[in-house]
Each structure stands twice: as structure tokens, then as C-alpha cells.
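A.B. asks: One structure, as C-alpha cells, below. Some questions next.
The values are calculated or read from the model by the stated rules, or taken from the named source; none is laboratory data. For clarity, every value in this text was computed on a predicted model and none was experimentally measured. Backbone-built Cβ (ideal geometry, glycine too); neighbour counts: all protein chains shown.
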Amino acid sequence: MTATTTTRARTNAPAQFLRHWPLDVPRARLVLVHGFGEHSGRYGHVAAALNAAGVAVSACDLRGHGESGGTRVFIERFDDYLDDVDAVLAETRAKSSGEPLFLLGHSMGGQIAALHALRRKPDIAGLILSSPSMGFAVHVPAWKAAAGRFFSRFVPKLTLPSGLDRGLLSHDPEVQRDLDADPLAELGATARWYTECLAAQEATFVSAPDLSVPLLSLVSGTDEITDAAATRRFHEAAGSRDKTWIEYPGLYHEIFNEFEREKVLADLTDWLADQLTRQGE
């Protein structure tokens with residue numbers, strides 16, 4: 001299914017670029033939240049697999065990312081991202097005939113999706129986390145962390161290199177080539193973004209026992225971008241009675257973009273099908 005796109009002006013927020021992969025009669029709907037420095041256009045193959053399973057998909061480019069407005073990779077507060085997700089959820093519900101609604105986030109998008117589920121408590125049928133950024137795998141020296149806090153306070157929009165090695169995202173060299181050629185892919189991050197992400201990670205762990213919806217954690221077994229052990233701690237602390245953990249040994253951070261992506265996508269759609277059966281669609 002070809003995606004439909006639109007850009008929506010917003011009051012007191014940057015313009016939001018939205019992408020939908022619709023179905024005439026979906027079994028369920030899913031809102032997808034992309035990660036740091038990327039955009040929703042990288043998830044066409046994920047949406048195609050979900051469409052084939054009867055799931056309509058919607059996503060936005062987060063503020064400061066992709067084709068949405070805003071200073072690149074900048075937020076005043078992490079809740080700005082939660083507001084972005086609220087807007088997509090509202091539009092998705094407006095198109096719905098009451099189908100179950102799921103929330104999926106990858107990397108930073110997983111952090112956003114988890115905190116959104118905890119703070120905003122949307123009416124969703126399940127939460128799916130793909131290599132979520134519950135912690136950073138790379139150790140940040142104390143001096144650099146202190147500098148980040150200083151700049152966040154006094155020069156919040158200062159952009160610094162993220163240090164992201166795109167070669168650690170996927171074993172598929174085509175993925176890195178596509179990113180290198182993508183004018184919408186970012187490598188820098190602002191000082192305020194950095195400190196807000198750290199605060200959000202801490203807040204997510206504090207609130208984890210409050211999570212009540214079914215949880216699926218899809219985790220890279222060789223992730224040098226985010227901390228899989230932190231994701232395990234969150235998963236175990238989550239209050240959800242229905243929790244599924246699937247780890248992929250040897251895969252890098254972007255599990256949907258690895259050579260084994262079909263296996264990962266099958267696990268995702270199988271879990272959704274099981275949830276729909278158990279919840280009576």
C-alpha cells in the first residue's frame with residue numbers, strides 16, 4: 001500500500017508531517033514512532049508487513065526531524081514528543097471504527113512510546129518497543145555530561161555531533177548507504193535534547209510499575225547504540241501482566257533493517273495476531 005502524506009499546521013507547535021499506510025477494512029491500527037535523527041519514511045517495509053497482516057499504520061515525523069517543522073533535533077522538554085504522539089493518536093482514532101490501537105516505537109521512539117503510555121495513559125491495546133533507548137550503550141565521560149548540562153541551560157539549541165556510528169545500526173551496508181544519502185537523516189543533536197533524554201530515561205524507570213497494557217520488547221542482541229540491559233530492567237519492572245521478550249542474537253540496533261528483518265517482522269505480526277485473538281479484536 002502506498003503511503004499518503006499530509007502536513008498539518010499546529011498552534012504553539014511546529015508543523016507536523018504525517019504519513020499513513022491505510023487499509024479499507026483494518027483488523028487493527030498502529031501508530032509508529034521513529035527514532036533519533038531519522039524519519040517515518042524509513043518504515044515503509046515495516047508498514048507493508050503490518051498492512052499484509054491487516055493492520056493500518058500511521059506515523060509522524062517528530063518535531064525537528066524529517067519533514068516536520070522545528071529546530072533540528074531540538075525540544076524544550078521531552079513532553080514535546082509526547083504531544084506529537086498525542087496528535088497522531090487523535091488523528092488515527094478519528095479514522096477508526098473502533099479497531100484495537102497499538103503503539104510501536106523504535107530506539108528513541110521506543111523511549112517516547114513507553115513514557116507516553118505511562119504519562120498520558122492512552123487507550124491502547126498494546127505497547128511494542130524495538131531496541132528502545134532506555135539507556136545509552138556508549139559511556140559519556142563526566143566532563144562531557146557536565147558540558148551538556150551547562151549548554152542545555154545556557155545555549156540549549158547548540159548542536160553537537162552525536163557520535164553515532166551508522167555502521168553499528170545494521171549489518172546491511174545498503175542501510176548505511178541509504179542513510180548517508182538521505183538529506184533528512186541527522187547526525188547532530190542539541191544540548192537540550194541530550195539532557196531531556198536522560199531525564200526521560202530516569203522517569204520511565206520510576207514509572208515502569210504503572211504500565212498495565214500488554215508489552216512486547218524486541219531487542220537487539222548486539223546493540224552498541226542503546227543499552228539492552230537497561231531495556232531488560234524496564235521490561236522486568238513493567239507492571240504489565242502480559243509481557244513478551246524477544247532477543248535477536250547477533251543483530252545490530254536497527255532490527256527491522258537487518259538481513260534477518262523478515263523474522264523480526266514475523267514475530268511482530270504474530271504477536272499482534274495473538275493479541276487480537278485474545279482481546280477478541
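A.B. asks: Would you confirm, using the coordinates I've provided, whether ILE124 is outside any strand (DSSP E or B) and either surrounded by fewer than 20 Cβ atoms within 10 Å (Cβ to Cβ) or out of contact with any Cys (no Cβ under 9 Å at 6 or more places or on another chain) (or both)? First the steps, then the outcome.
C.D. replies: Working: outside any strand (DSSP E or B): yes; either surrounded by fewer than 20 Cβ atoms within 10 Å (Cβ to Cβ) or out of contact with any Cys (no Cβ under 9 Å at 6 or more places or on another chain) (or both): yes.
For ILE124, the condition - outside any strand (DSSP E or B) and either surrounded by fewer than 20 Cβ atoms within 10 Å (Cβ to Cβ) or out of contact with any Cys (no Cβ under 9 Å at 6 or more places or on another chain) (or both) - is met.
A.B. asks: Right, here's the next one. Does LEU101 meet the test of being touching a Ser or Thr at 6+ places or on another chain (Cβ under 6 Å) and surrounded by fewer than 24 Cβ atoms within 10 Å (Cβ to Cβ)? So that I can check it myself, show each step before the final result.
C.D. replies: On the way: touching a Ser or Thr at 6+ places or on another chain (Cβ under 6 Å): no; surrounded by fewer than 24 Cβ atoms within 10 Å (Cβ to Cβ): yes.
Against the criterion (touching a Ser or Thr at 6+ places or on another chain (Cβ under 6 Å) and surrounded by fewer than 24 Cβ atoms within 10 Å (Cβ to Cβ)), LEU101 does not qualify.
A.B. asks: How many residues are surrounded by 15 or more Cβ atoms within 10 Å (Cβ to Cβ), in contact with a Phe, Trp or Tyr (Cβ under 9 Å, 6 or more places away or on another chain) and assigned to a helix (DSSP H, G or I) if we restrict to segment 143-169?
C.D. replies: 4
A.B. asks: Any chance segment 266-278 includes a residue that's in a strand (DSSP E or B) and surrounded by fewer than 19 Cβ atoms within 10 Å (Cβ to Cβ)? Reasoning before the result, please.
C.D. replies: From segment 266-278, those in a strand (DSSP E or B) are none; that's our starting set.
Among the residues of segment 266-278, not one is in a strand (DSSP E or B) and surrounded by fewer than 19 Cβ atoms within 10 Å (Cβ to Cβ), which makes the answer no.
A.B. asks: Can you find a residue in segment 185-193 that is at pLDDT 95 or above and under 24 Å from LEU30 (Cβ atoms)?
C.D. replies: yes
A.B. asks: Tell me, which strands (runs of 3 or more DSSP E) lie completely within segment 1-115 with 3 or more residues that are farther than 19 Å from ASP178 by Cβ and touching a residue at least 60 places away in the same chain (Cβ under 8 Å)?
C.D. replies: Result: 4-10, 13-21, 28-33, 101-106.
A.B. asks: To continue, here is another question. Answer yes or no: is there a residue in segment 70-83 that is under 17 Å from ASP123 (Cβ atoms) and more than 18 Å from the chain's Cα centre (by Cα).
C.D. replies: No - not one qualifying residue is present in segment 70-83.
A.B. asks: Looking at (1) more than 22 Å from PRO22 (Cα to Cα); (2) buried (at least 18 other Cβ atoms within 10 Å of the Cβ); (3) in contact with a Gly (Cβ under 6 Å, 6 or more places away or on another chain), which is the only condition THR71 fails?
C.D. replies: Of (1) more than 22 Å from PRO22 (Cα to Cα); (2) buried (at least 18 other Cβ atoms within 10 Å of the Cβ); (3) in contact with a Gly (Cβ under 6 Å, 6 or more places away or on another chain), only one is false for THR71: (2).
A.B. asks: Quick one: which of SER107, SER58, SER133 is buried (at least 16 other Cβ atoms within 10 Å of the Cβ) and at positive phi?
C.D. replies: Values: SER58 fails: at positive phi; SER133 fails: at positive phi.
Testing whether each residue is buried (at least 16 other Cβ atoms within 10 Å of the Cβ) and at positive phi leaves just SER107.
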